[in-house]
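The values are calculated or read from the model by the stated rules, or taken from the named source; none is laboratory data. In this text the structure is predicted, and so the values were computed from the model without any measurement. Here Cβ is always computed from backbone atoms with ideal geometry, including for glycine, and neighbour counts include all displayed protein chains. The area values use the complete protein model at the heavy-atom level, side chains included, leaving out ligands, DNA and RNA. Shrake-Rupley method; radii C 1.70, N 1.55, O 1.52, S 1.80 Å.
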Amino acid sequence: MSSKQKQTYSVCFCCRRRFKLGVSEAPPEIREFFHRYCDENGIMTASHLRRFLTEVQREEKITEEETQAIIDGHKHLSIFHRRGLNLESFFKFLFSDDNPPLLPSRGVHQDMTLPLSHYYIYTGHNSYLTGNQLSSDCSDAPIINALQRGVRVIELDIWPNDSKEDIHVLHGRTLTTPVALIKCLRSIKEYAFVASEYPVVITLEDHLTPDLQAKVAKMVTQTFGDILFCPSSESLKEFPSPESLKKRIIISTKPPKEYLEAKEGKEKGESQRGKPSDDEEAWGKEVPSLRGGTIADYKNSGDDEDDLTEEDDDLDEAEKLGQNGSDEYRRLIAIHAGKPKGGLEEGLKVDPDKVRRLSLSESQLEKAAETYGKEIVRFTQRNILRVYPKGTRITSSNYNPLIGWMHGAQMVAFNMQGYGRSLWLMQGMFKANGRCGFVKKPDFLLKTGPNNEVFDPKAPLPVKTTLKVTVYIGEGWYYDFKHTHFDQFSPPDFYARVGIAGVPFDTTMKKTKSIEDNWLPSWNEVFEFPLSVPELALLRIEVHEYDMSEKDDFGGQTCLPVSELRSGIRAVPLHSRKDVKYNNVKLLMRFEFI
């Protein structure tokens, strides 16, 4: 962009204002680094660059050949200095796509040979819905989209069609329009392993008669064939590993039971309550805080009344009537699900001979965590816990996933069809481990002490490390947005928000000053974040445009797993509200662990 370019804004029909656009310039600290590491002629050769990358960027293993390749890739920016980089080309390299905050070449690097219960799994909720929970269309399109983004758990609610002869997927007792089960299954088969070769779990919410369950068994078997994982015995003593289940489809649902006609007309209580809030920000509500060591401040009054679960069919009643469901259907179920019988304390008991999946709504988990936090952690060391949104979220909003993760819950189920800050955290978490959809849980959630003790989510912990973040500058909005997108009468006034989502004591959000009338904001501000559980910390980055008279405008966001953050000065690309990467918008930042 030429520094002579100007931009004109109309103030009224007879008055216009002109602003110089300028060019991105290296911040003072970048200049200092360049002069510290270049030679006496102001050139950074391969050996100089290697020293910078080793000492500042913490890339200890980089070779001189690799640094020469960087120079060869950027020396066209300094045509008079073929031997190395000048200040301009050094700055352009740091601010380029070749210098991302996460290492793309790292791929899957965690141990994938442990039981499924040892991993957080990218999990969808009501995966077939295109919009809200009450009246949107059901389709295979959101299922395809979720799989393309790396989601590994797809949920299908299966019901008899009007003639009771076939199976539909829809959100029961609502106005959602159905989609045929076979269409969903075929799309899952086609797209299951596009983004990741690790297994896909289909969780079925089953509202079928035994004859229709038999029909589902045939449909599933014929669709998936050899890639369907069928356990050799009805119940597993331990879950298989993601590695052993590569390119396999896994079915998880409650064991077959007698279909209860009486239940069909029953209102599902919470699924009809509530209405969309009118205070949604342009970028989604702030993630509810867990700060203070408890979750009491996370609750909203009136949200936990009669919290009926998705699995509120009475299993005990069904068993009295006799479990005469389809044997073929029963044999397909690799991960047995169910609601807790005899209260939560009983439901969280660990069976040494059998593993299973338990489902709790976010509200139930909140209540359980107050009394049974350590019991939940112990349960999730061997068994799978699925957490799902409360029914009042009819707009398909989401909750804070950290509640589930800090208690070891593997399947924190989210509505994937929308956007918002909570969903950005979910997307940020699963950028880890090569975006394969499985992230190994921290060791402290998997270990049992000498006296059989487990991690206590409520216990205060010492600071393990401090993340120091420098926000230098931003660029790219001029190219990705219309020049009047943020302000009709002048260039934007950008500010950045930077913070941590993690366990309560680590969670915080800070912000820079606003830079007025500038498409190329230069903040040069430093923030420090003490971390007690860096393994569960996510770095949140947002840019907004300050608006004095209305709500501030959205200017981009990203969320990054701290455990995989590269030290040093990095170019951080920003994404839209729907987490689509902008073509040009990015920030230059520095990350240091001190």
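Filtering the stretch 341-372 to residues that are out of contact with any helix residue (DSSP H, G or I) (no Cβ under 9 Å at 6 or more places or on another chain), under 24 Å from K440 (Cβ atoms) and open to solvent by 10 Å² or more (accessible area, probe 1.4 Å) leaves K354, R356. Between residues in the stretch 380-397 that are part of a helix (DSSP H, G or I) and residues that are open to solvent by less than 20 Å² (accessible area, probe 1.4 Å) and not aliphatic (A, V, I, L, M), which pairs lie under 7 Å by C-beta distance while being six or more apart or on different chains? That search, which allows pairs on different chains as well, returns T380/S117; T380/H407; T380/G408; T380/Q410; Q381/S117; Q381/G408; R382/S117.
Within the stretch 26-52, being open to solvent by less than 40 Å² (accessible area, probe 1.4 Å) and touching a residue at least 60 places away in the same chain (Cβ under 8 Å) holds for A26, P27, I30, F33.
Is it the case, given these coordinates, that N400 is assigned to a loop (DSSP other than H, G, I, E, B) and at pLDDT below 90? It is false that N400 is assigned to a loop (DSSP other than H, G, I, E, B) and at pLDDT below 90.
Only one of the numbered conditions (1) closer than 30 Å to M406 by Cα; (2) open to solvent by 20 Å² or more (accessible area, probe 1.4 Å) is violated by S514, and that is (1). Test T466 against the stated conditions and say whether it is in contact with a Lys or Arg (Cβ under 7 Å, 6 or more places away or on another chain) and either part of a strand (DSSP E or B) or modelled with pLDDT of 95 or more (or both). Taking the combined requirement at face value, the residue does not satisfy it. Taken across the stretch 455-476, residues that are without any contact (Cβ under 8 Å) to a residue 60 or more places away in the chain and open to solvent by 20 Å² or more (accessible area, probe 1.4 Å) do occur, with at least one present.
Matching residues to (1) within 15 Å of the chain's Cα centre (by Cα); (2) aliphatic (A, V, I, L, M); (3) within 29 Å of T54 (Cβ to Cβ):
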{"residue": "A537", "(1), (2), (3)": "yes, yes, yes"}
{"residue": "M548", "(1), (2), (3)": "no, yes, no"}
{"residue": "C559", "(1), (2), (3)": "yes, no, yes"}
{"residue": "L588", "(1), (2), (3)": "no, yes, yes"}
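The set of residues in the stretch 114-157 being free of Cβ contacts under 8 Å to residues at least 60 places away in the same chain, surrounded by fewer than 22 Cβ atoms within 10 Å (Cβ to Cβ) and not in a loop (DSSP other than H, G, I, E, B) consists of D137, A141, I144, Q148. Are any residues in the stretch 533-570 of a type outside the set (D, E, K, R) and either out of contact with any helix residue (DSSP H, G or I) (no Cβ under 9 Å at 6 or more places or on another chain) or surrounded by fewer than 19 Cβ atoms within 10 Å (Cβ to Cβ) (or both), and if so, which ones? Scanning the stretch 533-570 gives I541, H544, Y546, M548, S549, F554, S563, L565, S567.
Taking the criterion of being in a strand (DSSP E or B) and of a type in the set (A, V, I, L, M), the only residue of the stretch 439-463 that qualifies is V439. Within the stretch 571-594, can you find the residues that are open to solvent by 10 Å² or more (accessible area, probe 1.4 Å), β-branched (V, I, T) and touching a strand residue (DSSP E or B) at 6+ places or on another chain (Cβ under 6 Å)? Correct list: I594 only.
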